[in-house]
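For reference, the structure discussed in these notes is given below.
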Amino acid sequence: MTATQTEPSTGIATHQVALSFEDGVTRFITVREDQTVADASYRQRINIPLDCRDGACGTCKALCESGEYDGGTYIEDALSEAEAAEGYALPCSMKPRSDLALQIATTSEVAKTGAASYTGTVVGLDRLSPTTVELAIDIPNRGELAFLPGQYVNIAVPGTEVTRSYSFANAPHEERLVFLVKLTPGGAMSTWLTERAAVGDEVTFTGPNGSFFLREARRPVLMLAGGTGLAPVLSMLRQLDVDGCDRGGRLVYGVSTDDDLVKLDEVEELVSRLPGFTWDHCVSDPASTAANKGYVMSLIGDEDLHDGDVAIYLCGPPPMVEAVRTHVAGAGIEPTGFYYEKFALAVPAAEASAPSAEASPASAEAS
Ligand SMILES: Cc1cc2nc3c(=O)[nH]c(=O)nc-3n(C[C@H](O)[C@H](O)[C@H](O)COP(=O)(O)OP(=O)(O)OC[C@H]3O[C@@H](n4cnc5c(N)ncnc54)[C@H](O)[C@@H]3O)c2cc1C
Ligand code: FES
């Protein structure tokens, strides 16, 4: 997240507050330390749910997933002690003391906002391996695009009517937007990338989206990346690096074949700068030349689960995500934070019913 700024006209500190809506859209607002989140939100034309505006009705109740705040004054009927202890707060009363991430209990449409749209230029198109492409995009108004490490955007595939979701591999503070794409033969985005795309092409995307993002906390992390699920994890590692993280943790990166292994040097360099952090990788193909053949679960030790006092970030193809969830549940561990994202294939509109990005409903992590 961005560092604290000061409003030039008043000299009062301001913070970035991420409002995540139920439909996956995230909007960022700037909130002064002497201002409530609700006031700042309305000034910035985002109608979060509100009624009394006075800490009496509970209509605005929101889960704060990350950051510090002054909860303000309110009555027990609006927010119970137990709810406050779980991380719930009242935006009409709360004032930020750091950057915050809030879950707003409505859709972006009801709040009369929506995902912002950006247009940029392809500045890099690198075939990292036979199966994986790195796509780099510059946008002229980069300062207007705030996101949380782990989030994704929906990119319109040029020359088609379809969009596909891709997670940022760069950290929020980095100027250039970088995405890792696993090529799927016959796929819309994959065909564009391999047959038509060129440096200089114009690309449009909307976002940021998603509740799979790095929470600020002091407990260790366990990151599990399957295939190009490495992209959001790279964004998180870069953020931990700039934050000077010393919470320790482990990354396990697993792929199907040797052709899918990318960015090993970059991961090694990043992890080597994070105290108490370890990592390893594995390949499930028995014909692989990798030292570890198998699935990510084989590289998770009891010590990596810290008796449950750990935040798990899990991202990759749906079968991998399901296998790891089953494995963790089977280990009898209830991690304090468990966040995951499935890189589900787009389904034709008529078949689409459930949202493709998910976070565990019980994923609230005390900040
Ligand atoms: C939140 C989110 C984040 C993601 N982030 C990334 C990322 O960072 N990197 C990444 O590589 N991928 C990511 N994905 C997956 C990505 O969005 C695309 O699904 C993937 O890249 C394939 O896109 P495509 O256009 O090339 O293929 P598509 O056109 O989607 O087709 C893929 C293949 O599947 C077949 N297919 C399509 N629909 C169906 C269906 N309903 N049933 C069966 N087969 C079907 C097609 O024929 C084709 O062979 C993410 C997905 C989600 C939901
Ligand atoms: S709007 Fe009533 S408690 Fe916030």
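The values are calculated or read from the model by the stated rules, or taken from the named source; none is laboratory data. Fair warning: this is a prediction, and the values are worked out from it, not measured in the lab. Because the Cβ atoms are built from the backbone with ideal geometry, glycine has one as well, and the counts that use them run over all protein chains shown. Accessible surface areas use protein heavy atoms only, side chains included; no ligands, DNA or RNA. Shrake-Rupley method; radii C 1.70, N 1.55, O 1.52, S 1.80 Å.
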Within the range 153-165, track down each residue that is farther than 15 Å from Asp138 by Cα and under 14 Å from the mean Cα position of the chain (by Cα). Asn154, Ser165
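Being under 19 Å from Arg218 (Cα atoms) and either surrounded by 18 or more Cβ atoms within 10 Å (Cβ to Cβ) or modelled with pLDDT of 50 or more (or both) is the filter here, so list the residues in the range 341-364 that pass it.
Ser363, Ala364
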Taking the range 163-182 and keeping only residues that are more than 7 Å from ligand 1 (Cβ to nearest atom) and open to solvent by less than 60 Å² (accessible area, probe 1.4 Å), one is left with Phe168, Ala169, Asn170, Ala171, Pro172, Glu174, Leu177, Val178
Specify the residue that is surrounded by the most Cβ atoms within 10 Å (Cβ to Cβ); the eligible residues are those in the range 278-319 that are outside any helix (DSSP H, G or I), out of contact with any Lys or Arg (no Cβ under 6 Å at 6 or more places or on another chain) and among the acidic types (Asp, Glu). Asp280
Subset of the range 31-85 [more than 26 Å from Ser9 (Cα to Cα) and of a type in the set (Val, Ile, Thr)]: Ile48, Thr59, Thr73, Ile75
Which number in (1) surrounded by 15 or more Cβ atoms within 10 Å (Cβ to Cβ); (2) not in a strand (DSSP E or B) marks the one condition that Glu269 misses? (1)
Scan of the range 320-339 for residues that are in contact (Cβ under 8 Å) with a residue 24 or more places away in the chain and open to solvent by 10 Å² or more (accessible area, probe 1.4 Å), ordered by number: Met320, Ala323, His327, Ala331, Ile333, Glu334, Pro335, Thr336, Phe338
